[in-house]
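Remarks on the structure that follows.
The values are calculated or read from the model by the stated rules, or taken from the named source; none is laboratory data. Remember, it's a predicted structure, so these values are computed and weren't measured experimentally. FYI the Cβ positions are ideal-geometry reconstructions off the backbone, even for glycines, and counts take in every protein chain you see. Only protein heavy atoms, including side chains, enter the accessible area calculation; ligands, DNA and RNA are left aside. Shrake-Rupley method; radii C 1.70, N 1.55, O 1.52, S 1.80 Å.
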Amino acid sequence: MTAPAHRKHRVVTAFQRHIANPLNRRLPFQTLLETTGRSSGLPRRTPVGGRRDGDSFWLVSEFGLRSQYVRNIQADPRVRVRIAGHWHHGTAHLLPDDDPVARLRSLPRFNSAAVRAFGTDLLTVRVDLQD
């Protein structure tokens, strides 16, 4: 990773971890992705932007394999997604061969613009919903 990309990752991650995510998790209709912590085994809830399409939920990780929730998915792909206030169980799949920029065009505009602006290593994630 280049020095500017590393700096950008540190600044954006710190802002999200300490300011944006704690606030967004409290919003009743914010979409949340719940993974299991790979070390702690505790539930970890991350606000995400994405869109349900049939029995799948699509999102794009702005930091790819460096995102903590992506690392948790690698350790245990069983997740839950809160969509419009309702929780759904599912299995997450990392899709490195998918074009994340093209995928962002089909997702909500505001979140997609933020992911493009702040992201340094985009990665598509699909969650196959089970209920």
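Could you list, in sequence order, the residues of the stretch 95-131 that are open to solvent by 50 Å² or more (accessible area, probe 1.4 Å) and either of a type in the set (D, E) or part of a strand (DSSP E or B) (or both)?
Listed by number, the residues that qualify are D97, D99, D121, R126, D131.
Anything in the stretch 37-92 that is touching a residue at least 40 places away in the same chain (Cβ under 8 Å), small (G, A, S) and assigned to a helix (DSSP H, G or I)? List them, or say none.
Residue satisfying the conditions is G64 alone.
Of all residues being open to solvent by 90 Å² or more (accessible area, probe 1.4 Å) and modelled with pLDDT of 95 or more in the stretch 29-41, which is nearest to Q68 (Cα to Cα)? Just the residue, please. Can you show your working first?
Filtering the stretch 29-41 down to residues open to solvent by 90 Å² or more (accessible area, probe 1.4 Å) leaves 29, 38-39.
Subset that is modelled with pLDDT of 95 or more: 38-39.
Numbers: R38: 9, S39: 11 Å.
Going through the qualifying residues, I end up with R38.
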